[in-house]
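Notes to accompany the following structure.
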Amino acid sequence: MNLTSRTLSPVVLAGSALAALLATVGLAALSQVDPRLRVPPTAAANTHFENKIRPLLAEKCFECHSDRTKTPQGGLRLDSRAALLKGGAQGAAIVPGDWEQSALRRAVTHADPAKRMPPGAALSPVEIAYLKEWVAAGAPWPETSGSKPMPSKPTKPFWAFVPPKPPALPRVRLGSWAANPLDRFILAALEAKGLTPAPPADRRTLIRRATFDLTGLPPTPDEVKAFLADKQPGAFKRVVDRLLASPAYGERWGRHWLDVARYADSNGLDENLVFPQAWRYRDYVVRAFNQDKPIDRFIREQIAGDLLEPSRDPGAEFDHIIATGYLSLGAKMLAEDDPTKQELDIIDEQVDTLGKTFLGMTIGCARCHDHKFDPLSAKDYYALAGIFKSTKTMQNFTVVASWQEVALASEAERLKLARSEADLAERRSARSKLVEQSTAALLKTANQDLEKYRLAAREVIRLQAAGLTLSPVLEKASSVLPQGARVVEAEDYIRGNVLKDRDTYGKGVGVLVNAGPLPNVAEYELEFAEAGTYQLDLRYASADDRSFRILLNGRVVAAKAASAPTGGFYPDSQKWFAVGAFTFSKGKNLLKFERDSYFPHIDKFLLVPRMGTEVPRTQEEVAAEVGLVPEFLAQAVEAAKMAGDGKLEFRAPEKPESLFPESARALVARMDQEIESINKGKPNLPKAMAVSEGKAANLNLLLRGNYLTPADECGRRFPAVLNGTQQSIIGKGSGRLELANWLTRPDNALTSRVFVNRIWRWHFGKGIVPSTDNFGALGDRPQNQPLLDWLATSFVQDGWQLKNLHRRILLSNTYQMSSRYDAKAAKADPENRLHWRHERRRLEAEAVRDSILAVSGKLDRTMGGSLLNFKDRQYVTDTSNADPVNYMSPRRSLYLPVIRSALYDVYTAFDFGDPTVMNGDRPTTTIAPQALFMMNSRVVLESTKAMAEGLLAKQDLDDAGRIRSGWETCYGRPATGVEVAKALKFVLGVETAFRNQPQDRTKNARLLAWQSLCKALVSANEFVYVE
Amino acid sequence: MNAHWNSNIGKRISRREMLRLSSVGFGSVAFMSLLAEEAEADKRAAAPADPLAIKPPMFPARAKRVIFVFLHGGPSQVDTFDPKPLLTRDHGKPVPFAKPRIVSGATENLLKSPWEFKRYGKSGIEVSDLFPHVGGCADDLCFINSMHGSNSRHGGALLELHTGSDTFVRPSMGSWITYGLGTENRNMPGFITICPTLTHGGVNNWSSAFLPAAYQGTPVGNASISADQAKIPFIQNAQTPKEIQRMEIDFLGEMNRAELAKTGPDHGLEGRIDSFELAFRMQSAAPELQDISGETPETLKLYGLDDPKTKNFGQQCLMARRFCERGVRFVQVTHSYKWDQHSDLRRDHASNAMEVDKPISGLLKDLKGRGLLKDTLVVIGGEFGRTPVAQGGDGRDHNPHAFTMLLAGGGVKTGFKYGATDDYGYYSVENKVHIHDLHATMLHILGMDHKRLTYRYAGRDFRLTDVSGEIVTGILG
């Protein structure tokens, strides 16, 4: 297929340039309107009206001059041509063809100071010019595009809104070629252009094509051999049946569906939280495809599974719940400060995705105004959005908001869970109450001691001013260790729960790093012959403030040691800092470091005896001397520096528990234990992202999509153009069940067509309607509507059985054509829209990776489950977490986590697309990063190494035999004599080149040379393109 | 309207001709490298529909490329480039008007800036003591004091600043610009982002969204990697020496051409053969471009590479110049998520400013010295500003209603202040510039009409500025 046209869209560019040109011509012609320009609504005039005039009127005038208000200002409405001509109290608003005489001109140009319109900011000169142009051209007002009310009898209904009927089979000349009706529709179109179908593909090509198509993997040499050997009739049908029955089929086609379900394992957008349960939806989809679940049921489950009877299949009893994850998987702005906007944005994402997925309609475009091109009104939008307003998707709309997860368990188990959770909530609230009270008491005491704090603060400031502050002894590299000083390596703790790292953060020196349990603790025993004052210096590295407490013999001597970041976490960022001078007793002393979170990377500390008349003291020591709390003294010092003896008001420390009196501390600890134990005993039920029924409510139409400007209430119903204007309004329940049933009704004009078109697209690389997600006016028209309608109607008649549809397609002669080039046909139909040959296609991102793993023998075929290693709702990415997920798993790519905003780089390179938005038509681009991936990525290097080792291990083969084996495995065909000769020469040449390299490469030269050959094999076009 | 715009994107236009036609001159270095690449460019232009081929602007451009210096977290305008005497006078008093309807956290009374402002240069523009080096460049800068956006959270605000939308996934401005103009050096991607942040939208801040993948930003490292370790994904492997890789690619080319002879003409297959050659060239070009060992000690010093505090960001800025010089269309450097001072404003704004002040001034001086500044647009700023009222004693909250952006080069007015905030710097009030307006203006400076640079996706013609955006003509020289 012609990929470059999509890549570039020169058509779009030319189109926009054309529109601009029209606009320019229009403006230039303003001064003197040529009467010839006053044409009845043409396409260009429609475009001008819809792009420029309707939005302008809607934005600037409708608020006061339309049916949005019960009493239009001045009795004037501007929302139809008739209304403009009728005018208001002041007479007609316009004189078509005569701008100068139009009242509208006087209003918008502020000709009359008393009647300046619109109120507020005046229209821009360009906007006025647009209006002038439009009125001068006779004020054409196209009635067919979205104006209210819907035209009851459009002259010729748009094709997509008329339900499909089984079309008559066309007459064809080459009737014998047609294996089934599908072929006749294709053949008729080809014959009409004087073209003939390409000859059938050979069997090797065919099995390779079908195997990639249905499973996303290459056929094994044995599978190829078996097919070649099967001389009985129906051999290809047997291959197709085998492939459809293999679990890999569901993995391949389920992944296609995940593209339109915008599946991902994380939220993306602003707060990239992990979706720890999303994989259940993914596995459900794979199961549904493998089970050949009727597609109408599949659709209904995703929209309203919770309201359907559960499946009786063993292991599938919760599938109907899991399926509704479809509605919940969207990316959400979880930190939106405005909860109403957040909710409406989430609903919008659901409506927009659902509209495109099932109906191929861009309903989301009607959120702010009537759809500009399709007959979808803003009322239609809010009528549908009301269904999701009445659905519970979210647990809450706070910052950061939580989506709902539903326990997949029996009623009794869920009840038990609910009881534990209520119990926990109660105890947590009791705990916070206690903390609150004790904190208040703490503050009260501190405030009573206000004068003491002021005094102590002055002392601290005096000490600081007198230079009785400390500087690290070993600050300079040239400093020498003073007499009597001792250095203690941080790793030499006697008790502690932190790791000693000597390889990464502590490479070469050894540091403490967090091991998991909090608080981080390390204790040291220090023995002194005499009591005395020692200065404590610390050496550590930390990129942020990881200050910790230091206790000497059970007493806090430093509340915030090591608060200064050093610029990094590695040894080259280590620095010395002075903590303070402390009095150590004779004999054993216990020095303890403690932090509620992770330690900085502590390398060592130094104790230096202090001499001199006045011993420097730290803030903590001053506090201890007079029995004050160091945290509050720090506040007092800060306040004294800012305001002298002025205002001093204590604030509660962030984690005040450690400052509580013994009794309160013990109580808190006991409560923590209880909470912990209830937490442990809580039933651990599997959960799924799922929706449920919310409070039934309608939405009001929101002008410009803004909830601060609500208009009429919109009863919940389906779009008028698809379901008529005489609909009953949904009363009870959200309406999701009604929506699910309506979508899958046989007479729904769009659902079946949109679905079979997707299937066609995934088989052939291009849809019959090329714009798979847009069947509206701006989408493409079907290349072959009888074919589309035949596929859709026969699919529905057949009970929405997808595997039958696959068979219909794969067993057609259309599918089995070769990709042979034909200059004549290429000239007549360069994009192969008519299917004169089978289109050659590049493998998708997943298939590229899976195939490389497959031919190297490394592919792990385990199905299902999660490869995520994150806690619930944890942030997947943060500033320091660049590669949140290990993608080196040899599982099929389908099972690799899809992390929004930090997509796997292989996916980024190979057109996986943005998993934030649905996409039924992945593009295929050819860009240099793909080649770099083949040349340098770890996946390719490790796989090709394994492949080379496998080839070299074949003792029964010589080198030529190994080359032939490589060709069979990768391409499913024998290598030609020339290919074998060239490959042998290449391997030899590379081996020699490696032998000329320095040291270690030399001894692996043979393996490395074979790896080079394997790299070429999997990088070649023949490997990544399917004929 | 420029006739080129209507024509096929792949149309042949000689670079020499473009140079002659262009109203804007080139820096001499860029000029030389351009001529050297001309043959290559011509060959490329002839190739069928190359998405990155050079496209002429819609009308004569003032700048050819952009460097965006992003200070992530929300630098405070009233402590940097927007002095507010009344804020100092009324320190500690309540703000005399309503605070915004939507806020991100509770705030207190007015908090004066702890820093003094000084006048710089002939223009006498006031810059705080946080930015003495940037202040020294005041006569080359345009200060837009009246910026405002719509989102008060980092995630939304970053997406809005980078893509124009805080609600949906949209292409990044770098992608739009590369889509509009192509790229001048096919050995490198057209849009590069150096050490970008992975939070607050992450890759969506440099993704091409629905635009073709060729326009996506290529990250060089990320925020957790120091600038001297930052690399393009898959750019090298340790085991294959260059000459052996050359043998591999020759052999592969031979296989691919043999297959092509069997299949008949196919653009996809042909394009893929070329892509390996391009990748091979890129593999040599990228490390060479990142190798700063050939820079003079004076240049290194200019960017602060001699000081551990400024070394990392200085290296990012220096790389930005090197990329731009070789024809990369859009380069972003990011001072990652550091500017979010809800508390400890005095300490942390000081250390943040220390890290970027000299590198930014170095970049501006270096670009100017090499003649690159006149056709490079430099944009400097954060995703929003901060409140003039205090939070947590010594901090300020997010404030999308007022912040300052610095522009340089690309024919914008210099030594010039545009727009103003209220007496306390809470809201933009005079000549307000929304982020959409900034985007519209950036495209205008690059010779593109933001209303006509569109791409059809899902039934709609999308653009960077959505349905808004006014060109800020007041800053154009």
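Just to verify a result, which residue in the range A:767-787, among those that are over 19 Å from A:V721 (Cβ atoms) and either away from every other protein chain (no Cβ under 13 Å) or aliphatic (A, V, I, L, M) (or both), is surrounded by the fewest Cβ atoms within 10 Å (Cβ to Cβ)?
A:Q783
Out of the residues in the range A:901-924 that are within 8 Å of chain B (Cβ to nearest Cβ) and closer than 16 Å to B:P171 by Cβ, which is surrounded by the most Cβ atoms within 10 Å (Cβ to Cβ)?
A:S901
Scanning for something over 21 Å from B:R456 (Cα atoms), touching a Lys or Arg at 6+ places or on another chain (Cβ under 8 Å) and buried (at least 24 other Cβ atoms within 10 Å of the Cβ), does the range A:358-365 turn up at least one residue?
Among the residues of the range A:358-365, not one is over 21 Å from B:R456 (Cα atoms), touching a Lys or Arg at 6+ places or on another chain (Cβ under 8 Å) and buried (at least 24 other Cβ atoms within 10 Å of the Cβ), which makes the answer no.
Would you mind telling me which numbered condition in (1) outside any loop (DSSP other than H, G, I, E, B); (2) of a type outside the set (V, I, T); (3) under 21 Å from B:G415 (Cβ atoms) B:R62 fails?
In the conditions (1) outside any loop (DSSP other than H, G, I, E, B); (2) of a type outside the set (V, I, T); (3) under 21 Å from B:G415 (Cβ atoms), B:R62 misses (1) alone.
Cβ contacts < 6 Å: first residue in contact (Cβ under 8 Å) with a residue 24 or more places away in the chain, restricted to the range A:581-594; second residue of a type in the set (K, R), any location; separation 6+ or different chain. Result?
A:A581/A:R610; A:E594/A:R549
Given the condition outside any loop (DSSP other than H, G, I, E, B), among the basic types (K, R) and surrounded by fewer than 20 Cβ atoms within 10 Å (Cβ to Cβ), answer yes or no: does some residue in the range A:334-343 qualify?
The answer is yes, given that some residue of the range A:334-343 is outside any loop (DSSP other than H, G, I, E, B), among the basic types (K, R) and surrounded by fewer than 20 Cβ atoms within 10 Å (Cβ to Cβ).
Answer with yes or no whether B:R119 is surrounded by fewer than 24 Cβ atoms within 10 Å (Cβ to Cβ) and under 18 Å from B:R396 (Cα atoms).
no
With the requirement that a residue be small (G, A, S) and either part of a loop (DSSP other than H, G, I, E, B) or farther than 17 Å from A:G386 by Cβ (or both), what does the range A:719-757 give you? Steps first, answer last, please.
Taking the range A:719-757 as the starting set, the residues that turn out to be small (G, A, S) are A:720, A:724, A:728, A:731, A:733-735, A:740, A:749, A:752.
Across the range A:719-757, the qualifying residues are A:G724, A:S728, A:G731, A:G733, A:S734, A:G735, A:A749, A:S752.
With respect to the numbered conditions (1) within 19 Å of A:S420 (Cβ to Cβ); (2) assigned to a helix (DSSP H, G or I), which one is the sole condition not fulfilled by A:P683?
The number of the failed condition is (2).
Quick check on my filter: what residues within the range A:394-408 are in a strand (DSSP E or B) and not small (G, A, S)? Reasoning before the result, please.
Start the filter on the range A:394-408 by keeping residues that are in a strand (DSSP E or B), which leaves A:394-396, A:402-403, A:405-407.
Residues satisfying the conditions are A:M394, A:Q395, A:N396, A:W403, A:E405, A:V406.
Anything in the range A:969-990 that is assigned to a helix (DSSP H, G or I), at the interface with chain B (Cβ under 10 Å from one of its Cβ atoms) and over 18 Å from B:L269 (Cβ atoms)? List them, or say none.
Selection gives A:V978, A:K982, A:A983, A:K985, A:F986, A:V987, A:G989, A:V990.
What number of residues in the range B:209-225 are more than 7 Å from chain A (Cβ to nearest Cβ), on the phi < 0 side of the Ramachandran plot and small (G, A, S)?
1
Can you name the residue in the range A:534-561 that is among the charged types (D, E, K, R) and over 44 Å from the mean Cα position of the chain (by Cα) and is also surrounded by the fewest Cβ atoms within 10 Å (Cβ to Cβ) among such residues?
Here is the first cut: in the range A:534-561, the ones among the charged types (D, E, K, R) are A:537, A:539, A:544-546, A:549, A:555, A:560.
Now drop any that are not over 44 Å from the mean Cα position of the chain (by Cα), which leaves A:537, A:555.
On the way: A:D537: 23, A:R555: 12.
That would be A:R555.
So in the range B:88-105, with the set limited to residues that are of a type outside the set (K, R) and closer than 27 Å to B:E116 by Cα, which one is nearest to the other protein chains (Cβ to nearest Cβ)? Spell out the reasoning first.
Initial filter on the range B:88-105 (of a type outside the set (K, R)): B:88, B:90-92, B:94-98, B:100, B:102-105.
Those left that are additionally closer than 27 Å to B:E116 by Cα: B:88, B:90-92, B:94-97.
Details: B:T88: 15, B:D90: 16, B:H91: 11, B:G92: 9, B:P94: 15, B:V95: 19, B:P96: 21, B:F97: 20 Å.
Filtering the range B:88-105 for residues that are of a type outside the set (K, R) and closer than 27 Å to B:E116 by Cα, the one nearest to the other protein chains (Cβ to nearest Cβ) comes out as B:G92.
Restricting the range A:597-623 to residues that are modelled with pLDDT of 80 or more and over 46 Å from the mean Cα position of the chain (by Cα), which is surrounded by the most Cβ atoms within 10 Å (Cβ to Cβ)? Steps first, answer last, please.
Pass one, the range A:597-623, residues modelled with pLDDT of 80 or more: A:597-609, A:622-623.
Filter again for over 46 Å from the mean Cα position of the chain (by Cα), leaving A:605-609, A:622-623.
Values: A:F605: 23, A:L606: 22, A:L607: 23, A:V608: 23, A:P609: 17, A:V622: 20, A:A623: 26.
It comes out as A:A623.
Quick check on the range B:232-254: of everything there that is assigned to a loop (DSSP other than H, G, I, E, B) and either without any contact (Cβ under 8 Å) to a residue 12 or more places away in the chain or farther than 20 Å from A:M934 by Cβ (or both), which residue is farthest from the other protein chains (Cβ to nearest Cβ)?
Ranking the qualifying residues of the range B:232-254, first place goes to B:A238.
Taking A:V939, is it in a helix (DSSP H, G or I) and within 35 Å of the chain's Cα centre (by Cα)?
Details: in a helix (DSSP H, G or I): yes; within 35 Å of the chain's Cα centre (by Cα): yes.
Criteria met by A:V939.
Considering only the range B:436-472, state which residues are on the phi > 0 side of the Ramachandran plot and within 9 Å of chain A (Cβ to nearest Cβ).
B:A458, B:G459, listed by residue number.
Testing A:A946 on (1) more than 8 Å from every other protein chain (Cβ to nearest Cβ); (2) crowded, with 23+ Cβ neighbours inside 10 Å; (3) in contact with a Ser or Thr (Cβ under 6 Å, 6 or more places away or on another chain); (4) more than 24 Å from A:V285 (Cβ to Cβ), one condition comes back false. Which one is that?
Against the list (1) more than 8 Å from every other protein chain (Cβ to nearest Cβ); (2) crowded, with 23+ Cβ neighbours inside 10 Å; (3) in contact with a Ser or Thr (Cβ under 6 Å, 6 or more places away or on another chain); (4) more than 24 Å from A:V285 (Cβ to Cβ), A:A946 comes up short only on (2).
Scan (1) surrounded by fewer than 17 Cβ atoms within 10 Å (Cβ to Cβ); (2) under 23 Å from A:A122 (Cβ atoms) for the single condition A:L76 breaks and write down its number.
Here A:L76 meets the rest and fails (1).
Of all residues in the range B:169-208, which are at the interface with chain A (Cβ under 9 Å from one of its Cβ atoms) and touching a Pro at 6+ places or on another chain (Cβ under 9 Å)?
Across the range B:169-208, the qualifying residues are B:P189, B:L198, B:G202, B:V203, B:N205, B:S207, B:S208.
Within the bounds of the range A:624-636, is there any residue that is of a type outside the set (G, A, S), within 30 Å of A:G580 (Cα to Cα), surrounded by fewer than 18 Cβ atoms within 10 Å (Cβ to Cβ) and touching a residue at least 24 places away in the same chain (Cβ under 8 Å)?
Applying the first criterion (of a type outside the set (G, A, S)) to the range A:624-636 yields A:625-626, A:628-633, A:635.
Now restrict to residues that are within 30 Å of A:G580 (Cα to Cα): A:625-626, A:628-633, A:635.
From what's left, surrounded by fewer than 18 Cβ atoms within 10 Å (Cβ to Cβ): A:625-626.
Add one more test, that the residue is touching a residue at least 24 places away in the same chain (Cβ under 8 Å), and what stays is A:626.
Within the range A:624-636, one or more residues are of a type outside the set (G, A, S), within 30 Å of A:G580 (Cα to Cα), surrounded by fewer than 18 Cβ atoms within 10 Å (Cβ to Cβ) and touching a residue at least 24 places away in the same chain (Cβ under 8 Å).
Could you look through the range A:758-782, keep only residues that are without any contact (Cβ under 8 Å) to a residue 60 or more places away in the chain and either part of a loop (DSSP other than H, G, I, E, B) or among the polar types (S, T, N, Q) (or both), and pick out the one that is nearest to A:K193 (Cα to Cα)?
A:I768
Take A:P923 and decide whether it is in contact (Cβ under 8 Å) with a residue 40 or more places away in the chain, of a type outside the set (V, I, T) and within 22 Å of A:D265 (Cβ to Cβ). If you could, list the steps in order and put the result at the bottom.
Values: in contact (Cβ under 8 Å) with a residue 40 or more places away in the chain: yes; of a type outside the set (V, I, T): yes; within 22 Å of A:D265 (Cβ to Cβ): no.
Judged against the criteria, A:P923 is not a match.
Only one residue in A:V876, A:V855, A:V848 is modelled with pLDDT of 95 or more, aliphatic (A, V, I, L, M) and in contact with a Ser or Thr (Cβ under 7 Å, 6 or more places away or on another chain). Which one? Steps first, please.
Working: A:V876 fails: modelled with pLDDT of 95 or more; A:V848 fails: in contact with a Ser or Thr (Cβ under 7 Å, 6 or more places away or on another chain).
Checking each option against the conditions leaves just A:V855.
The values are calculated or read from the model by the stated rules, or taken from the named source; none is laboratory data. Worth saying up front: this structure is predicted, and the values here are computed from it rather than measured. No Cβ is skipped: glycine too gets one built from the backbone with ideal geometry, and neighbour counts run over all protein chains shown.
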